[in-house]
1. Which of the residues spanning the range 32-72 are among the aliphatic types (A, V, I, L, M) and over 20 Å from residue 136 (Cα atoms)?
2. Which strands (runs of 3 or more DSSP E) sit wholly inside the range 55-136 and have at least 2 residues that are among the hydroxyl-bearing types (Ser, Thr, Tyr) and at pLDDT below 95?
3. From the list 72, 139, exactly one residue is open to solvent by 40 Å² or more (accessible area, probe 1.4 Å), β-branched (Val, Ile, Thr) and more than 14 Å from the chain's Cα centre (by Cα). Which is it?
4. What about residue 123, is it open to solvent by less than 70 Å² (accessible area, probe 1.4 Å) and within 13 Å of the chain's Cα centre (by Cα)?
5. Read through the list (1) in contact with an Asp or Glu (Cβ under 9 Å, 6 or more places away or on another chain); (2) in a strand (DSSP E or B); (3) within 21 Å of residue 154 (Cα to Cα), then give the number of the only condition that residue 45 fails.
Amino acid sequence: MVPDVTSTPSAVRAISPARLGTLVVIAWSGEHPDDERDMPFLLAYALGDGDGGPEATGTAARELLDAVGLPVGTEYVDAAESTGLPVTLLVEAGQAVLTMPHLTAQCTVPPEWLAAVGERGHVYFIFATRPWPDAAPGVPVTEDRLREFVGDEAVLSTAAHCLLPVRQLRG
């Protein structure tokens, strides 16, 4: 499965949007080591095209995560148990919409991701502080490339990890 990549220009006023640059969100599902069911994953990362280049982009991402209360490292935050965490995920009409203070990003999600969300009610959200410039919108991201980036210990240890409850509109 090749994830759909959608970008959203950064609109973070708490930090300089020009420093963060372009933010990209990718959704996929896959095996989870804790049980047999698929886990829906959501990855947010910057391209590193912000003012000051990749280093300034990484710093801006860490400042954003600190401002919203998501620690960087390998431990995850369970947003359902965290009072006041200003990060939400709305899933509707085949789209995942991630909202953080002064930032909204969305992507189209595959049917198997939606099925995993329906079963679990949350996603494993990763916000990478390390830019991924070669995974730009319009450039196909293969499973191998995604696995290589997300499986890189340098990426994982410098990212924020969060179990994020999914909200859906009710008719």
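The values are calculated or read from the model by the stated rules, or taken from the named source; none is laboratory data. Here the structure is a predicted model, which means the values were calculated and not measured. With ideal geometry, Cβ positions are generated from the backbone for all residues, glycine too; neighbour counts draw on all protein chains shown. Surface accessibility is based on the protein's heavy atoms, side chains included, excluding ligands, DNA and RNA. Shrake-Rupley method; radii C 1.70, N 1.55, O 1.52, S 1.80 Å.
1. Within the range 32-72, 39, 64, 65, 67, 68, 70, 72 meet the criteria.
2. Those strands (runs of 3 or more DSSP E) span 103-108.
3. 139
4. Yes.
5. (1)
Quick grid of which residues meet (1) closer than 22 Å to residue 48 by Cα; (2) surrounded by fewer than 19 Cβ atoms within 10 Å (Cβ to Cβ):
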residue: 82; (1), (2): no, yes
residue: 91; (1), (2): no, no
residue: 100; (1), (2): yes, no
residue: 112; (1), (2): no, yes
